[in-house]
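Presented below is the structure to which this report refers.
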Amino acid sequence: MSMSVSSQLERRAAVAALLKNRKDTLVVSGLGSPTYDLHAAGDRDDNFYLWGAMGGAALIGLGLAQAQPGKRVLALTGDGEQLMGLGGIATIGVARPRNLDIVVIDNQHFGETGMQASHTGRGVDLTAIAAACGFAATGTLRTIEEVERLATQIGEQSEGPRLFVIKVLAENPPRSLPSRDAVFIKNRFRAHLGFAAA
């Protein structure tokens with residue numbers, strides 16, 4: 001049985017509100033729409049866009065959080081991608097990074113393959129899974145006010161990893177495309193962190 005989204009949030013508005021005061025938070029964006037959303041909110045050297053690695057945004061965020069313990073890291077992903085990477089939630093819960101937030105933009109559909117209904121539209125609760133895996137905080141956001149409150153917490157230290165789901169409309173806004181040159185994206189990100197190109 002399908003469950004409807006009790007939200008009228010537009011994804012681009014929600015992501016823009018989330019990132020409005022991100023300061024120096026490093027952001028990894030998942031395949032497809034989360035990358036378009038991040039780029040639409042403003043292209044920056046500390047954005048790490050993924051063009052592949054479906055299901056890997058949260059785990060890449062984990063590696064980055066472990067390598068850069070003095071920085072806040074945000075993995076911005078979609079429900080389809082995070083569903084594909086469920087095992088990553090358990091790994092992150094065990095690793096317990098104190099500087100990693102995962103935000104799932106949940107339209108309850110697989111947007112990249114034709115808008116088929118996803119598992120989150122059929123009752124799978126990613127926040128409950130994260131809580132069961134030992135995340136320090138979880139929550140489901142359905143209003144722009146809730147997103148704005150979360151935005152004030154993104155830069156704050158926490159007791160462990162956090163996962164938040166933002167429920168949005170099932171829509172496909174025009175794509176905002178960053179560079180697809182993976183070497184350029186990698187080297188730009190490395191330079192931002194003070195490392196030489198590799």
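List of remarks:
- Selected residue (only one of Asp79, Asp106, Asp125 is without any contact (Cβ under 8 Å) to a residue 60 or more places away in the chain and among the charged types (D, E, K, R)): Asp125
- Single unsatisfied condition, Glu145 versus (1) open to solvent by less than 50 Å² (accessible area, probe 1.4 Å); (2) free of Cβ contacts under 8 Å to residues at least 24 places away in the same chain: (1)
- Residue that is least open to solvent (accessible area, probe 1.4 Å), among those in the range 148-181 that are assigned to a helix (DSSP H, G or I) and touching a strand residue (DSSP E or B) at 6+ places or on another chain (Cβ under 9 Å): Leu150
- Which numbered condition Ile185 fails, given (1) touching a helix residue (DSSP H, G or I) at 6+ places or on another chain (Cβ under 8 Å); (2) open to solvent by less than 20 Å² (accessible area, probe 1.4 Å): (1)
- Yes/no for Thr127 being surrounded by fewer than 21 Cβ atoms within 10 Å (Cβ to Cβ), modelled with pLDDT of 95 or more and assigned to a strand (DSSP E or B): no
- Residue count for the range 47-71, restricted to those that are modelled with pLDDT of 95 or more and within 14 Å of the chain's Cα centre (by Cα): 11.
- Which listed residue is touching a Ser or Thr at 6+ places or on another chain (Cβ under 6 Å), open to solvent by 50 Å² or more (accessible area, probe 1.4 Å) and of a type in the set (A, V, I, L, M, F, W, C), from Ala40, Ala57: Ala40
The values are calculated or read from the model by the stated rules, or taken from the named source; none is laboratory data. Only a predicted model underlies this, so the values are computations on that prediction, with no experimental measurement involved. Quick reminder, even Gly has a Cβ in these numbers, built from the backbone with ideal geometry, and neighbours come from all protein chains shown. With ligands, DNA and RNA removed, areas are computed over all heavy atoms of the protein, side chains included. Shrake-Rupley method; radii C 1.70, N 1.55, O 1.52, S 1.80 Å.
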